[in-house]
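Notes follow the structure.
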Amino acid sequence: MAVLSEQDPRLADVLAAEQRRRASQLHLLAGENFSAPSVRAVLAGPLADKYAEGYPGHRHHTGCAHADQVELLAVERAKALFGAAHANVQPHSGTSAILAAYAALLRPGDAVLALSLQHGGHLTHGSGANFSGRWFDFTGYGVRERDGLLDLDQVRDLARAVRPKAILAGAISYPRALDWAAFRAVADEVGAYLVADAAQTIGLVAGGVLDSPVPYADVVCGVTHKLLGGPRGGLLLCTEELAGRVDRAVFPFTQGGPAMNQIAAKALVLGLAATPEYAGYARRTVANAQALAAALAAEGLRPLTGGTDTHLVTADARPLRLTGQEAERRCEAAGVLLGRCAVPFDQAPPASASGVRLGTACVTTQGMGVPEMAEVGALVGRALRADGQEEARAVAAEVRALTGRFPPEPEQSWL
Ligand SMILES: *Cc1c(COP(=O)(O)O)cnc(C)c1O
């Protein structure tokens, strides 16, 4: 940072402050992870500046020999890791991957069935504020009120009524494993494509903790920056039959030049994710989430679905008489970062919401285990009950002591 501090001291100061924040707060935001220093080194490497529109062997730019090798490596590793017939590693983000999946399979106005946002769906699953809701005709399915679990009978009934061109399975805040075979059966019955949005869970699939959607879905959308601990970016897996359509839907239909440095860093984590060490990390992440769910229940929150099969914990904050927004604010004041989330069948507007959503990818990367999750749960409980600055500051001091013992910059996050 020596050069930057001379070239742009204002920016250097902000980045230094962000580095301190990163080391001192407890990161329980479900979509975040700490990437390894090697990932960030690759991102800053020589491919950062290279234009390479097109695909290996068919570029619109010259000088792409090494870009080709790197992309082929990333594709080969993605295919091997997930047992997929075809992989595209160019999407700039999860949203870009989903946009391309829709572009490959759908036309504007087509009917799509997806998990409703109130029940855990993502913006790209039909929100009116997103291209998905604007360009396609989405119908939302949901979870059962009784146990909070996905209602496949409802999915089947809606599919029969709506005759969607595609069924989307996957969620941003549903903590349970999905029954891919059941989704495939519904899709086959109505002649729909099955698209898996595995952005949250693809790292657990890679680690062998969750069943893979690859044998069932026509297209699988994922990201490398969440559990995989890689660079910010998207990933598509599909059948051989759809390979050409998916590739053309990414480039030239929805993107221009790929971010080759990001693809190099994807190659790195797709290789690391095939190791037993990574599988151990994935298992510890889920064990930590299960311990955290139990610890939060002991603090008076109500875990949705009663627990978790993943790195995610969602919980109803109403037993503590807090909105999700207030819970988020109190936790941030105490140095704990978590997110608000909608509670199914609750009427609160999304901006305040009634639930919280937490993930254990970061804390597990930091080396915390089940014993620390009891501590983390207790800190979250204290932060939620703290209605004065003094108690918030006391919790923040304990958070700093904990993160001091488990710094977010291990040499190699899961080795
Ligand atoms: C994170 C996420 C996305 C979007 O990924 P971005 O990289 O933020 O665009 C889409 N769907 C689900 C389920 C996600 O968890």
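The values are calculated or read from the model by the stated rules, or taken from the named source; none is laboratory data. Everything quoted here is computed from the prediction, not taken from an experiment. Cβ coordinates were reconstructed from backbone atoms using ideal geometry, including for glycine residues, and neighbour counts include every protein chain displayed.
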### Message
Of the conditions (1) outside any helix (DSSP H, G or I); (2) in contact with a Ser or Thr (Cβ under 7 Å, 6 or more places away or on another chain); (3) over 20 Å from Ser96 (Cβ atoms), Pro231 satisfies every one except a single condition; which number is it?
### Response
(3)
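Regarding Leu158, is this residue in contact (Cβ under 8 Å) with a residue 60 or more places away in the chain, more than 16 Å from the ligand (Cβ to nearest atom) and in contact with a strand residue (DSSP E or B) (Cβ under 7 Å, 6 or more places away or on another chain)? Lay out the reasoning, then the answer.
On the way: in contact (Cβ under 8 Å) with a residue 60 or more places away in the chain: no; more than 16 Å from the ligand (Cβ to nearest atom): yes; in contact with a strand residue (DSSP E or B) (Cβ under 7 Å, 6 or more places away or on another chain): yes.
So Leu158 fails the test.
Going through the range 124-149 one residue at a time, which ones are part of a helix (DSSP H, G or I), hydrophobic (A, V, I, L, M, F, W, C) and within 15 Å of the ligand (Cβ to nearest atom)? Write out each step before concluding.
Filtering the range 124-149 for residues part of a helix (DSSP H, G or I) gives 124-125, 131-135.
Still in the list and also hydrophobic (A, V, I, L, M, F, W, C): 131, 135.
Once the filter is applied, which keeps residues that are part of a helix (DSSP H, G or I), hydrophobic (A, V, I, L, M, F, W, C) and within 15 Å of the ligand (Cβ to nearest atom), the range 124-149 yields only Phe131.
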### Message
Among the residues in the range 278-286, are any at pLDDT 95 or above, within 16 Å of the ligand (Cβ to nearest atom) and touching a strand residue (DSSP E or B) at 6+ places or on another chain (Cβ under 8 Å)?
### Response
no
### Number of the condition not met by Ser116 [criteria: (1) under 23 Å from Gly359 (Cβ atoms); (2) in contact with a His (Cβ under 7 Å, 6 or more places away or on another chain)]
(2)
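Considering only the range 168-182, I want to know if a residue exists there that is outside any strand (DSSP E or B), more than 13 Å from the ligand (Cβ to nearest atom) and surrounded by 24 or more Cβ atoms within 10 Å (Cβ to Cβ). Break it down into steps so the answer makes sense when it comes.
From the range 168-182, those outside any strand (DSSP E or B) are 170-182; that's our starting set.
If we keep only those that are more than 13 Å from the ligand (Cβ to nearest atom) too, we end up with 176-177, 179-182.
Now restrict to residues that are surrounded by 24 or more Cβ atoms within 10 Å (Cβ to Cβ): none.
Checking the range 168-182: not a single residue is outside any strand (DSSP E or B), more than 13 Å from the ligand (Cβ to nearest atom) and surrounded by 24 or more Cβ atoms within 10 Å (Cβ to Cβ).
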### Query
Hey, does the range 27-44 have a residue that's surrounded by 13 or more Cβ atoms within 10 Å (Cβ to Cβ), more than 26 Å from Thr365 (Cβ to Cβ) and in contact with a Gly (Cβ under 8 Å, 6 or more places away or on another chain)?
no
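Quick check, is Ala101 in a helix (DSSP H, G or I) and farther than 27 Å from Gly126 by Cα? Can you show your working first?
Values: in a helix (DSSP H, G or I): yes; farther than 27 Å from Gly126 by Cα: no.
When the stated conditions are applied, Ala101 does not pass them.
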### Summary
Note on Leu113: of the conditions (1) at negative phi; (2) within 12 Å of the ligand (Cβ to nearest atom); (3) surrounded by 17 or more Cβ atoms within 10 Å (Cβ to Cβ), unmet is (2)
### Message
Out of everything in the range 370-389 that is closer than 11 Å to Ala334 by Cβ and modelled with pLDDT of 95 or more, what residue ends up being nearest to the chain's Cα centre (by Cα)?
### Response
Val380
#### Entry: Test: residue in the range 349-358 that is among the basic types (Lys, Arg) and surrounded by fewer than 23 Cβ atoms within 10 Å (Cβ to Cβ)
no
### Query
Within the bounds of the range 88-96, is there any residue that is within 17 Å of Arg134 (Cβ to Cβ) and either within 15 Å of the ligand (Cβ to nearest atom) or not in a strand (DSSP E or B) (or both)?
yes
### Query
Applying the selection to the range 183-216, what residues are more than 16 Å from the ligand (Cβ to nearest atom), farther than 20 Å from Ser96 by Cα and outside any loop (DSSP other than H, G, I, E, B)?
Arg184, Ala185, Val186, Ala187, Asp188, Glu189, Val190
### Query
Within the bounds of the range 125-133, is there any residue that is surrounded by fewer than 16 Cβ atoms within 10 Å (Cβ to Cβ) and more than 20 Å from Ala249 (Cβ to Cβ)?
yes
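On the basis of being modelled with pLDDT of 95 or more and outside the structural domain of Leu402 (by TED's automatic domain parsing), does Leu268 make the cut? Even if it seems obvious, please write down each step before you answer.
Values: modelled with pLDDT of 95 or more: yes; outside the structural domain of Leu402 (by TED's automatic domain parsing): yes.
The answer is yes for Leu268.
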